[in-house]
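As structure tokens, the structure follows; a few thoughts come after it.
Values quoted throughout were computed directly from the atomic coordinates according to the rules given, and no laboratory measurement underlies them. Everything numeric here is computed off the predicted structure, so don't read it as measured data. When we count neighbours, we look across all protein chains shown, and the Cβ atoms used for this are built from the backbone with ideal geometry, even at glycine.
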Amino acid sequence: MTYKILLLPGDGIGPEIVAEAEKLLLAAGDKFGLDFSFTRGLIGGSAIDASGVPLPDETVALARAADAVLLGAVGGEKWDRGPAHLRPERGLLGIRKALGLYANLRPALLFPQLVGASTLKSDVVAGLDIVIIRELTGGIYFGEPRGVETLTDGTRIGCNTMVYTEAEIERIGRTGFDIARRRGRRLCSVDKANVLETSQLWREVMVRIAADYPDVELSHMYVDNAAMQLVRAPKQFDVVVTENLFGDILSDCAAMLTGSIGMLPSASLNETGFGLYEPVHGSAPDIAGQQKANPLATLLSVAMLLRYTLGEAAAADAVEQAVASVLQQGLRTGDIALPGERVLGTAQMGDAVVAALRGGV
Ligand code: NAD
């Protein structure tokens, strides 16, 4: 069987890091007897330049025909002055919505070799390995009514609506339990049930579906406390599941525990397990085209793609081990190098991971 992968390089450093991901997938294919075929599509600023919109219909069609999507990043100053619906980031929101990618998985894993990169004390973060699951297609980012209005007395009011159906909560809740089952079997549901009705329903649904997962320990935490606990004692968590707005904020907070944005992968999944995989960082226009980007977040996104959509756990493990191995060898890109350490370029780092994968070290 041939796995069809859609590559969406996007803008800035996107093309450089996605090129490394393609090399790695081919190497993983050789090693594990997997066949990959690649198509390429446009999204973000490059799509605006080529077709006038950040998400051409053709890109959505290509994604629907693929088994999985690997995205670089979108955005850049060149497109920031356009109207809101013609900004590169609209391409991202659009593809998530079009493909029903409601579950955003963000692991925050600290490689032991990079413990010094975190701004937190090493005993707080050493050995950190948690996953934040954010609901991605509901809540206040999409709820109606929304907008800014002027009242008859001239007062302007802004309004957004936090809304969740029971079915939306159950769907992301079950994703949380399923992921927790594959890991440490502990799920913390984060809400604000002391104030918000949406959260009261959220908690009720979580408690109801927990009966189907007796092997997973469910706990609840208010979002303000969760923010505090993430920086106080992050290792108390295994898997955290939460709604869109809370997840947006907490996942960035968790990501930064590891100290290096160039190391963080993510997955956005729909009900069938189809997924879009991308690094957490943006298009880094300041270093674009200079072979300075760290490709490891994208290569770790490849591992997630192999694990969560293709079900190729052995290949996923091997990719993660190859990344750990290059770090163990002391190989670094500029963002994770300490003063005096030799710095590799993007393709050199990609080649080193491929070599580690082929060598099986
Ligand atoms: P950014 O993540 O692009 O960059 C922040 C800093 O981190 C920069 O100094 C950059 O050089 C560095 N950096 C990021 N990725 C790196 C990597 N792989 N290796 C080494 N260094 C890396 O965030 P920003 O500067 O706030 O945004 C730049 C553009 O990216 C904006 O247009 C923004 O809208 C867009 N953006 C896109 C996404 C996405 O595509 N998912 C996410 C965030 C921001």
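So, counting K/R as plus one and D/E as minus one, what does the shell of residues with Cβ under 15 Å around Asp286 add up to? Walk me through the intermediate numbers first.
Details: positive: Lys78, Lys292; negative: Asp11, Glu16, Glu77, Asp80, Asp335.
Local charge sum for Asp286: -3.
Could you check what % of the DSSP bridge pairs in the chain are antiparallel, to the nearest 5?
Details: 19 of 48 bridges.
Taking every DSSP beta bridge within the chain, about 40 percent pair in antiparallel fashion.
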When the chain is reduced to its Cα atoms, the Kirkwood hydrodynamic radius in Å | 21.2 Å
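Give me Rg over Rh for region 4-78, both radii from the alpha carbons and Rh done the Kirkwood way, two decimal places. Walk me through the intermediate numbers first.
On the way: Rg = 13.0 Å, Rh = 12.8 Å.
Looking at region 4-78, the ratio lands at 1.02.
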Which of Trp79, Trp202 comes first, and how do the rest follow, when ranked by fewest Cβ neighbours within 10 Å?
-> Trp79, Trp202
Backbone N under 14 Å from the Gln113 label point (7 Å along Cα→Cβ), restricted to region 251-284 | 263
Of the peptides 84-97, 115-128, 265-278, how do they stack up when ordered by the mean number of other Cβ atoms within 10 Å, highest first?
-> 265-278, 84-97, 115-128
Long-range amide H contacts for Gly72: which residues qualify at under 5 Å (H placed 1.01 Å from N, peptide plane, sequence gap of 5 or more or a different chain)?
-> Leu8, Gly10
By the scheme Lys and Arg +1, Asp and Glu -1, what is the net charge of all other residues having a beta-carbon under 11 Å from that of Ser51?
-> -3
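Arg156 to His85: FRET efficiency via 1/(1 + (r/R0)^6), r the Cβ-Cβ distance, R0 22 Å, to the nearest 0.05?
Details: r = 22 Å, r/R0 = 0.99.
That pair, Arg156 with His85, gives E of 0.50.
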Of the listed peptides 280-288, 102-110, what is their order by residue-averaged count of other C-beta atoms within 10 Å, with the highest listed first?
-> 102-110, 280-288
Glu271 and Asp224 label points (each 7 Å along its Cα→Cβ direction) are spaced in nm at 3.7 nm
In sequence order, calculated HN-Hα J values of region 66-75 (Karplus, 6.51, -1.76, 1.60; Hz; x Gly/Pro) | 9, 7, 7, 10, 10, 10, x, 6, 10, x
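Please work out whether region 25-178 counts as rounded, prolate or oblate from its C-alpha gyration tensor, where a ≥ b ≥ c are the square roots of the eigenvalues and a/c under 1.5 means rounded, while otherwise a/b larger than b/c means prolate and anything else oblate? Mind showing how you got there, number by number?
Details: a/c = 1.67, a/b = 1.24, b/c = 1.35.
Judged from the Cα gyration tensor, region 25-178 comes out oblate (a/c at least 1.5, b/c at or above a/b).
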Please identify which residues in region 261-302 have an amide N closer than 12 Å to a label point set 7 Å out from the Cα of Ala337, following the Cα→Cβ vector.
-> 292-294
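Per DSSP H run of at least 4 residues, take -39500 (n - 2.57); add these up for the chain, divide by its residues and hand me the 222 nm value, nearest 500 deg cm²/dmol. Don't skip to the answer; put the middle values down first.
Details: 12 runs with 143 residues, N = 361.
It lands at -12500 deg cm²/dmol.
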Pull up the cross-link candidates among the lysines for Lys121, meaning alpha carbon to alpha carbon under 21 Å and not fewer than 8 places away within one chain.
-> Lys235
Can you tell me the order of 187-200, 14-27 when each peptide is scored by its average per-residue count of other Cβ atoms within 10 angstrom, highest first?
-> 14-27, 187-200
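Rounded if a/c is under 1.5, else prolate if a/b beats b/c, else oblate: with a ≥ b ≥ c from the C-alpha gyration tensor eigenvalues square-rooted, which is region 262-321? Each step should come with its number before you reach the end.
Numbers: a/c = 3.59, a/b = 1.70, b/c = 2.11.
Cα axes put region 262-321 in the oblate bin.
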Check the straight Cα-Cα distances from Lys97 and name the lysines below 30 Å, setting aside those fewer than 8 residues away within the same chain.
-> Lys4, Lys23, Lys78, Lys192
Name the long-range amide H neighbours of Gly143: under 5 Å, sequence gap of 5 or more, or other chain; modelled H, no Pro or chain starts.
-> Thr161, Val163
Shape descriptor, region 50-112: equivalent ellipsoid semi-axes (Cα gyration tensor, sqrt 5λ, whole Å, largest first) stand at 24, 18, 11
Would you mind checking the radius of gyration and Dmax of region 118-214 based on alpha-carbon positions, in Å?
-> 18.2, 58
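Decide, for region 257-361, between rounded, prolate and oblate: order the square roots of the alpha carbon gyration tensor eigenvalues as a ≥ b ≥ c, take rounded if a/c falls under 1.5, and otherwise choose prolate if a/b is larger than b/c, else oblate. Spell out each step's value before the answer.
Working: a/c = 2.24, a/b = 1.36, b/c = 1.65.
Oblate, because a/c is 1.5 or more while a/b does not exceed b/c.
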